[in-house]
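As structure tokens, the structure follows; a few thoughts come after it.
Read-outs throughout are calculated quantities, based only on the coordinates presented, and are distinct from any laboratory measurement. Here the structure is a predicted model, which means the values were calculated and not measured. Neighbour counts are summed over all protein chains in view; Cβ atoms, including those assigned to glycine, are modelled from backbone coordinates with ideal geometry.
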Amino acid sequence: MLGEVKLHHVQMPINKPCFEEPKPPRMSMSWEPDEETLAFIRHLALQNSLQYDGKGQAGSVISRIMGSRQELRQHGKIIAPIVAKEVAAANDLSITNGLDYVRNILQNEAPEMLEKKEQKRREGLPELPNLNGRKPVLRFAPNPNGPLSFGHSRGLVINAEYAKLHDGELILRFDDTDTTVKPPMMEAYDSIPKQQEELCGYSAHRLVIASERMDKYHDYAEKTIETDFAYVCTCTGDEFREFRLSKSNCPCRDNDVNENLELWNKMNDSNGFMPGDAVLRMKTGMDQKNPALRDWPAARIQTNPHPRVGSKWRVWPLLDFQSAIEDYLQGVTHIIRGKDLMDSTRKQKLLYDHFEWNYPETIYWGRVKVHEFGSFSTSQMKKDISEGVYSGWNDPRLPTLSALFRRGIRPESLRSFWIELGLTQKDIAVPLSTLYSHNTKSIEPISPRLAFIRDPVKIDLSGEFPSKLVISSHPEEDMPNRIFEIKNSIFIENEDSGKPVRLKDFCDISENGDVESIDRSDKRPIVHWITEGIETQLTIAEGKELAHVQGLLEKHNYPIGTIVQLERIGYAIVEKDGLLMVHD
């Protein structure tokens with residue numbers, strides 16, 4: 001059974017036809033559900049919350065109850081608010097502690113409530129569709145306008161895992177053809193491949209840089225013009241928007257092939273069109289039901305110099321065109337992308353149909369929101385860093401991979417986190433504690449124990465006690481022991497002083513520091529302590545704020561980068577100027 005859970009009353013409308021029989025018996029207002037019925041309702045609420053990723057619905061649970069327990073139909077008005085409370089509590093558990101926590105409750109208390117697919121839940125990712133004996137070719141294609149973030153790690157992990165499982169290939173591709181809205185950052189070309197290898201456990205099989213393959217995109221752009229599938233449009237944005245809404249052709253669509261080739265050359269001529277004067281459009285049809293597909297733009301003029309190729313090119317492909325051409329050239333077999341990019345798939349399929357190419361198998365996923373990260377964008381982070389709001393890309397408050405790695409989040413933890421979430425088109429929200437639970441499994445075996453005394457108070461000991469104490473650095477792993485030379489005093493935290501306590505692994509003392517027993521004699525609180533320590537600062541990232549806690553750290557010889565478990569506090573990583581909190 002769960003411990004006490006705060007329940008929030010939710011008034012639910014009762015859909016009477018769902019559970020009222022003709023001529024129902026008079027309901028007894030004195031009726032109360034027995035323990036078995038209450039447990040049944042609770043388990044159904046947990047099952048429903050699990051099934052819908054923490055967004056269970058009371059109405060769905062009520063329908064299940066009334067369908068399976070006919071004798072309860074006459075008590076609907078009493079059962080409905082009970083269901084509402086249990087569903088709210090179940091959803092709260094799913095969001096706060098994770099779906100695995102809810103699943104374990106049902107496994108222990110009501111395994112029959114787990115659906116067969118839950119009971120036989122496969123480990124890892126679902127099979128890739130339509131492999132047909134092929135080795136898959138997958139790609140991860142970030143814009144190098146900044147370093148990789150937590151959100152990027154999903155695409156990296158999933159694509160890399162599929163490539164590894166099927167002995168396929170992973171392509172790391174820089175989609176860096178936007179020099180205006182998202183100009184590339186040169187450092188990212190070096191940092192991203194390193195982080196990709198660190199996160200995935202192996203280097204990408206191919207590295208593709210779009211800005212260095214511009215001739216390919218220009219060749220195919222010209223082919224679309226020559227085959228009368230594209231035209232140069234000189235309408236203003238507002239003018240074309242009116243044509244798109246009215247499903248009518250713009251005048252430029254009537255240009256013949258030769259005229260479009262001349263206009264294309266003028267787009268590429270430094271003495272010709274200027275940015276915004278002309279775009280290349282695909283002739284996908286202004287009668288398309290989906291407005292986004294109506295003669296979509298494929299290339300535009302950009303005169304901002306590119307950090308890698310300078311001002312060699314004036315006309316740059318837009319992402320839908322560049323990505324589609326590159327996927328074809330690289331032989332990509334499967335694309336895994338957000339469901340918000342379904343229109344990109346539809347646009348690209350029209351291009352593929354024109355060239356009579358086979359479009360890659362496409363798998364979509366929904367959005368994953370982590371409560372604690374809130375809203376971050378690369379451009380805003382870059383601005384905040386330049387203004388001194390954050391110390392750099394690895395500031396522990398940021399959701400970048402460098403910040404997460406600095407905080408002690410291990411690559412294998414991110415991998416297991418994303419693989420467990422799998423591929424679903426549902427939008428889900430998860431607490432950061434879910435990632436932390438994966439990380440704890442990874443770092444617990446390698447984290448020696450240390451004591452950090454916040455707000456230290458010196459306690460003078462009196463009585464009989466050993467002068468030297470040898471304590472294991474880890475309860476299960478073989479690590480060098482902690483050795484304490486005990487004189488006449490120790491340090492404990494101020495909130496632990498003034499009362500009888502048990503000094504962990506040492507002795508019982510009174511509120512005055514009298515040693516009462518070496519062996520544990522009663523149930524007094526167990527506290528951590530040190531004989532002497534190093535003045536140290538523990539830095540804790542709390543949302544977009546940093547908290548700094550001063551204290552005494554047990555003397556140690558662990559190098560920078562070592563993850564330690566601070567007794568009664570949590571995991572931290574040793575840094576040059578102190579400790580950085582990993583998580584509790």
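log10 I(q)/I(0), Debye, Cα-only region 175-300, no solvent, q = 0.10, 0.12, 0.13, 0.16 Å⁻¹? With one equal scatterer per Cα and no solvent, log10 I(q)/I(0) is -0.44, -0.59, -0.67, -0.87.
For residue 349, the lysines whose Cα comes closer than 27 Å to its Cα, not counting residues fewer than 8 places off in the same chain, are 135, 182, 216, 223, 247, 283, 289, 339, 426.
Which angle from 0 to 90°, rounded to the nearest 10, does the C-alpha axis of helix 257-268 make with the longest principal axis of the chain? That works out to roughly 50 degrees.
Taking every DSSP beta bridge that has both ends in the chain, the antiparallel portion is near 70%. Compute the angle between helix 150-165 and the longest alpha-carbon principal axis of the chain, please, reported from 0 to 90 degrees and rounded to the nearest 10. Its long axis makes an angle of about 80 degrees. Can you compute the label reach from residue 489? Point 7 Å from Cα along the Cβ direction, backbone N cut-off under 12 Å, restricted to region 428-472. Counting only backbone N, you get 457-461.
Between helix 432-443 and the chain there is an angle of about 70 degrees, using the helix long axis and the longest principal axis of the Cα atoms.
If the cut-off is a Cα-Cα distance under 19 Å, which aspartates and glutamates reach residue 468, setting aside same-chain residues fewer than 8 apart in sequence? Filter leaves 460, 485, 505, 508, 514, 516, 519, 532, 554. Partner aspartates and glutamates whose Cα lies under 20 Å from the Cα of residue 164, excluding those fewer than 8 positions away in the same chain, are identified as 123, 127, 197, 198, 327, 361, 412, 420. Overall, the anisotropy analysis places region 291-431 in the oblate class: the square-rooted eigenvalues a ≥ b ≥ c of its C-alpha gyration tensor yield a/c not less than 1.5, with a/b not exceeding b/c. Ordered by the count of other Cβ atoms within 10 Å of each Cβ, fewest first, 202, 231, 390 give 202, 390, 231. Over the chain, dividing the summed -39,500 (n - 2.57) contributions of all DSSP H runs of at least 4 residues by the number of residues returns a 222 nm mean residue ellipticity of -10500 deg cm²/dmol.
What is the order of 103, 568, fewest Cβ neighbours within 10 Å to most? Please list the in-between numbers first.
Working: 103 18, 568 15.
Ascending Cβ contact count within 10 Å gives the list 568, 103.
Along the Cα-to-C-beta direction of residue 367, a point sits 7 Å from the Cα; which residues of region 151-181 have their amide N less than 15 Å from that point? Hits in region 151-181 for residue 367 at 15 Å: 151-152.
Tell me, in nm to one decimal, what length is gained between residue 207 and residue 353 on full extension, where the rule is 0.36 nm per residue of separation less the Cα-Cα distance? Walk me through the intermediate numbers first.
Details: separation 146, 0.36 × 146 = 52.56 nm, distance 2.72 nm.
Taking residue 207 through residue 353 to full extension adds about 49.8 nm, to one decimal.
Residue exposure proxy: 333, 536, 303, ordered by other Cβ atoms within 10 angstrom of their Cβ from fewest to most, comes out as 303, 536, 333. With no solvent and one point on each alpha carbon, what is the Debye value of log10 I(q)/I(0) for region 369-444 at q = 0.17 Å⁻¹? The calculated log intensity ratios at q = 0.17 Å⁻¹ are -0.74.
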